[in-house]
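All remarks here apply to the structure that follows.
The values are calculated or read from the model by the stated rules, or taken from the named source; none is laboratory data. Given the structure is predicted, the values throughout are model-derived calculations rather than measurements. Just so you know, the surface numbers come from the protein's heavy atoms only, side chains and all, with ligands and any DNA or RNA stripped out. Shrake-Rupley method; radii C 1.70, N 1.55, O 1.52, S 1.80 Å.
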Amino acid sequence: MIRTQVRRRGIGAAFLAAAMLGGATPVVLPAAEAEAAPLGRVCLFQDKERVRGAGHVAWSIRDPKNSSHWIWGSTEGRGNDTYIPAGSANGSWIKGGTWTQLRSSISTASYDYYRCINTASGNLKAAQQTYGRMKTNGYALLTNNCLTKSLAIFRSYSPALTNAYLPDGKSKAPNYYFTTSLNKARGWEKARTY
């Protein structure tokens with residue numbers, strides 16, 4: 001009888017279980033809250049051979065509101081310059097599209113590996129604003145480079161990426177950071193090859 005009344009009222013299985021267990025009131029979430037929260041995701045790409053073997057990185061972030069849309073980019077520097085003043089072109093670029101388009105774009109630039117981490121959410125607009133600042137703030141080989149700019153974009157995308165998940169990259173070669181630093185950090189997937 002309880003089952004028939006519950007079905008007629010459209011209350012659902014959660015209420016039925018509560019009624020059978022002695023009247024405990026179930027927590028009913030609105031449909032939007034009941035669905036899984038969208039996840040953010042960031043990935044770091046490594047080119048092992050660049051910069052005389054010190055390496056080079058590119059970044060990517062996923063739109064948490066549209067899991068098939070990604071934004072990615074890097075800072076290439078300018079030739080053999082170890083310093084580029086703020087306001088000068090520093091070789092920064094950005095693109096957007098699907099994961100397949102990202103992979104095609106990155107693979108033509110000879111990146112060897114990538115590794116990713118999921119985040120509870122992500123702020124695409126904040127990441128794009130940080131990129132805008134990074135493309136005009138110059139370049140310095142040890143302290144303001146492809147790696148430090150990538151990490152700044154990741155942190156603005158998800159403030160949850162604290163030092164435990166995203167260690168500081170200043171004065172670290174991209175290859176060292178990609179392998180050693182991220183191996184010690186929490187949550188990063190193992191490196192994948194192309």
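Using amide H atoms built 1.01 Å from N in the peptide plane, name the residues 5+ places from R41, or on other chains, whose amide H lies under 5 Å from its own.
Long-range HN contacts for R41: R62, T119.
Taking θ as phi - 60°, what are the ³J(HN,Hα) couplings along the stretch 136-146 by the Karplus curve (6.51, -1.76, 1.60), each to the nearest whole Hz, with x for Gly and Pro?
Karplus-based 3J(HN,Hα) across the stretch 136-146 equals 10, 9, x, 7, 9, 3, 9, 10, 8, 10, 4 Hz.
With θ set to phi - 60°, apply the Karplus curve 6.51 cos²θ - 1.76 cosθ + 1.60 along the stretch 64-74 and write out the HN-Hα couplings as whole Hz, x wherever there is a Gly or Pro.
Calculated HN-Hα couplings, in order: x, 8, 8, 5, 8, 10, 10, 10, 8, x, 6 Hz.
Determine how large the accessible area of R186 is when every protein chain is in place; take a 1.4 Å probe and give Å² rounded to the nearest 10.
140 Å²
Taking a ≥ b ≥ c as the square roots of the Cα gyration tensor eigenvalues, with a/c under 1.5 meaning rounded and otherwise prolate when a/b beats b/c, else oblate, which class fits the stretch 52-194? Let's see the in-between values first.
Numbers: a/c = 1.32, a/b = 1.21, b/c = 1.10.
Cα axes put the stretch 52-194 in the rounded bin.
If you stretched the chain out fully between Y176 and T162, how much longer would it get, using 0.36 nm times the residue separation minus the C-alpha to C-alpha distance?
Working: separation 14, 0.36 × 14 = 5.04 nm, distance 1.90 nm.
Fully extending the segment from Y176 to T162 adds 3.1 nm.
What list of ³J(HN,Hα) couplings, whole Hz, do you get for the stretch 76-82 from phi and the Karplus terms 6.51, -1.76, 1.60, once you set θ to phi - 60° and write x for glycine and proline?
For the stretch 76-82, the Karplus-derived couplings read 8, x, 9, x, 9, 5, 9 Hz, x marking Gly and Pro.
For the stretch 111-194, rounded, prolate or oblate, judged on the Cα gyration tensor with a ≥ b ≥ c (square roots of eigenvalues), a/c < 1.5 rounded, else prolate if a/b > b/c?
Values: a/c = 1.64, a/b = 1.13, b/c = 1.45.
Here the stretch 111-194 falls in the oblate category.
Is the C-alpha gyration tensor of the stretch 102-155 telling us rounded, prolate or oblate? Criteria: a/c under 1.5 is rounded; beyond that, a/b larger than b/c is prolate, otherwise oblate.
Numbers: a/c = 1.71, a/b = 1.08, b/c = 1.58.
Oblate shape, in that a/c is at least 1.5 and b/c is the bigger or equal ratio.
Just how many pairs of Lys in the stretch 46-188 have C-alpha atoms closer than 13 Å, counting pairs that are eight or more places apart or on different chains?
On the way: K65/K125; K135/K149; K149/K170; K149/K172.
The result is 4.
So, for the stretch 102-147, what is the accessible surface per residue at a probe of 1.4 Å, expressed in square angstrom?
45 Å²
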